[in-house]
Amino acid sequence: MIDIALTYIRDILNEHIKNEFSISENKVILSNIVKADGSSAQDVEGKIVFFIVGLDEETTLKNSLNRSSNQAFSSFAQKTPTLHLNMQVLFCANFDSKVYVEGLSYLSSLIRFFQINKKISIEYLGSSSNNNNKLSFELCSLDYAQLSHLWSAIGTKLMPSVIYKVGLLVFDDMPLEKMISTINETEN
């Protein structure tokens, strides 16, 4: 589901930027900015690059009910509880000094897009119970020390960037663990 959500975000942002700037080239890519060996990733120059910097569980929904009733068969279905995840996603403008302002324009457009579209519906193909989920976008801010640590961990120099908390990814396609019969009253 993570791949589907991020690919969907990439596609809608590319459409938005193409329409706003009347261009045909995709400017938003889903990629690491640096390869695992520390070298620069390919085809990321002159792009808004985005990637996950963290995942966490939405704890407010952690204790949700893991049973559903089936009145036709007088039973309950029990399964592993649904997992709700939030992603922290970093968008950075990877533009050299010749087109630096162009990169800032694209980054500004992206921020405006998420300001207007704080929730986006996305359909997960193959999800068993809840085919229509909404992703929410909340701007995150880091202080200078946190920002410095983040860019050091990424392994590159600071770039114009913005981090969004993207929630909620719902992992609800776990198999049933068992069926539990209901208690029926009988008349004597």
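The values are calculated or read from the model by the stated rules, or taken from the named source; none is laboratory data. Owing to the predicted nature of the structure, the values given are computational and were not obtained by experimental measurement. Cβ: placed from backbone, ideal geometry, glycine included. Neighbour counts: every protein chain shown.
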Checklist entry - In this structure, is ILE33 hydrophobic (A, V, I, L, M, F, W, C), surrounded by 12 or more Cβ atoms within 10 Å (Cβ to Cβ), at pLDDT 75 or above and in contact with a Lys or Arg (Cβ under 9 Å, 6 or more places away or on another chain)? => result no
Checklist entry - Using beta carbons and a limit of 9 Å, which pairs, at least six apart or on different chains, have the first residue in the range 143-156 and under 16 Å from VAL34 (Cα atoms) and free of Cβ contacts under 8 Å to residues at least 60 places away in the same chain and the second one of a type in the set (Lys, Arg) and surrounded by fewer than 11 Cβ atoms within 10 Å (Cβ to Cβ)? => result TRP151/LYS157
Next on the checklist: Every residue in the range 134-158 that is assigned to a loop (DSSP other than H, G, I, E, B) and either within 22 Å of SER97 (Cα to Cα) or of a type in the set (Val, Ile, Thr) (or both), please.
Outcome noted: GLY155, THR156, LYS157, LEU158
Item to check | Candidates VAL99, VAL170, VAL166, filtered to the one that is assigned to a strand (DSSP E or B) and either modelled with pLDDT under 85 or surrounded by fewer than 17 Cβ atoms within 10 Å (Cβ to Cβ) (or both) | outcome: VAL170
Checklist entry - Can you tell me which residues in the range 1-32 are among the aliphatic types (A, V, I, L, M) and either in a strand (DSSP E or B) or closer than 17 Å to VAL99 by Cβ (or both)? => result ILE17, ILE23, VAL28, ILE29, LEU30
Checklist entry - Given the conditions (1) part of a strand (DSSP E or B); (2) at pLDDT below 95, and given that ASN130 satisfies all but one, which numbered condition is not satisfied? => result (1)
Checklist outcome for this item: Of the conditions (1) modelled with pLDDT under 85; (2) crowded, with 16+ Cβ neighbours inside 10 Å; (3) touching a Leu at 6+ places or on another chain (Cβ under 7 Å), the single one that MET87 does not satisfy is (1)
